[in-house]
1. Quick check: Cα centre of segment A:53-71 to Cα centre of segment B:10-74, how many Å?
2. If we sort B:48-54, A:71-77, B:105-111 on the protection proxy, mean other Cβ atoms within 10 Å, highest first, what's the order?
3. Could you work out the equivalent-ellipsoid semi-axes for chain A, taking the square root of 5 times each eigenvalue of the Cα gyration tensor, largest first, in whole Å?
4. Could you give me D for segment A:139-208, from Stokes-Einstein at 25 °C and 0.890 mPa s, where the hydrodynamic radius is the Kirkwood radius over C-alpha pairs? Units µm² s⁻¹, please.
5. Would you kindly work out the equivalent ellipsoid of segment A:156-260 from its C-alpha gyration tensor and give its semi-axes, the square roots of five times the eigenvalues, largest first in whole Å?
6. Roughly what angle does helix B:94-104 make with the longest principal axis of chain B, taking Cα atoms, 0 to 90 degrees, to the nearest 10?
7. Just B:18, B:123, B:246 to compare: in a GNM of chain B, with alpha carbon springs under 10 Å, which one fluctuates most?
8. Cα centroids of segment A:154-178 and segment B:118-144: how far apart, whole angstrom?
């Protein structure tokens, strides 16, 4: 659950929180592209450092660290799979280059997680919905998306209550072999799914009784407008892309093992 | 016996739900924990079967500290019925639902059969034995949840908001049933907002506010002290309200029971006729 905690939005005021979600999303996509572009450790490390000023500006260091910690398990997994595959394909030898390559692949994953985590930590679901709507995504989809995002913490809380209720009836989730353990979760999953379905039916009725979908074109209380900060972010984004592509084409990137 | 000493509890998100609760609930007692939303009532009772462990302070259930044993083994002794039955129903039939806990606790096949029949009879659910719990009404689902806990016959019964969604007849049955439990020497703890239900039962009342106990005593006394109740946003029971208004005419103030009220009024009427 800690990975999800690292993505949970908290309403605070900061220059980053005030940025237009569309611009932030463009930035995340640029970081994504740059991370995919490079397979070497040094540029990926630079990409890793890039969002850190944003994290501090937004004041979400704690949550951000938590999301990284949440990703640590998967990162370790990626590292070892890469390492093992190079070990088995290169006649059972382990080279410094292989270690570095595995570390780079891991760092690539971390860069992706960190960028998305900054995005979700600083963007309210409402803003996200608004951004979707204003980019002409049909309202039904925008609404479904924001509702889904908003229901994640609600469902997590409900799952906890259900686990408590079943534990109170003698269910021991951590007991037995792997198959038994998976089966132990049936008494948790069924009530969770049933109550999610019930909840969505109730939500649908409540929304229809408040005239949902009565008019084709909805108006909004707030409209997203681009400000100076957004253009600055756009400039940074374009800068990242241009520099990345330039470096990718013209600069030979050294590996760490060459220095050793 | 439940012994709580200077219990503090802080949720992971930083909310301090309990700020030093001390109390003793003796065997065979009937206790109602009341207070407004967020007062810490449910947080407190979740400590009784170890679902929550104290951040500070100790809690012992029948001499065993809850930090030293599992929820499952504590639950065998302290049965907890959650507020919302939909948080626990998952089986295909009511019968299997009730068998779930019994299997977890390792009861024998024949015993399970007997216990199911017994619990279903007790709560008037026998005709639903083979029905899916999801097809039942809200009140019936609530009773299935109750039956599924009663089936293992715990010494301590904790009921979180048992009267919600129950009609008057069912509430009366619940009251009878709690009395019956008490005569068998069982401890019953309920968490509730239902002032009328509490006034009909007249249990020991624990009034909570912002994580501490603000009043502890006989229901009749606490539910007729408006100064204490308003602090916890609880209204007086209707009978108490009537007698509070009648007090200037020489009526007693501390009446919450319908039967007692009738007797007093009847006596007064007869006096007036003379």
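1. 34
2. The most tightly packed comes first, giving B:48-54, A:71-77, B:105-111.
3. Each semi-axis is the square root of five times an eigenvalue, giving 37, 31, 15 Å.
4. 178
5. Taking √(5λ) for each Cα gyration eigenvalue gives 47, 35, 11 Å.
6. Its long axis makes an angle of about 70 degrees.
7. B:246
8. So the separation of the two Cα centres works out to 23 Å.
We did not get these values from a lab; they are worked out from the coordinates using the rules stated. Bear in mind the structure is a predicted one, so any value in this text is a computation, not a measurement. Virtual Cβ from ideal backbone geometry, glycine too; neighbours counted across all protein chains shown.
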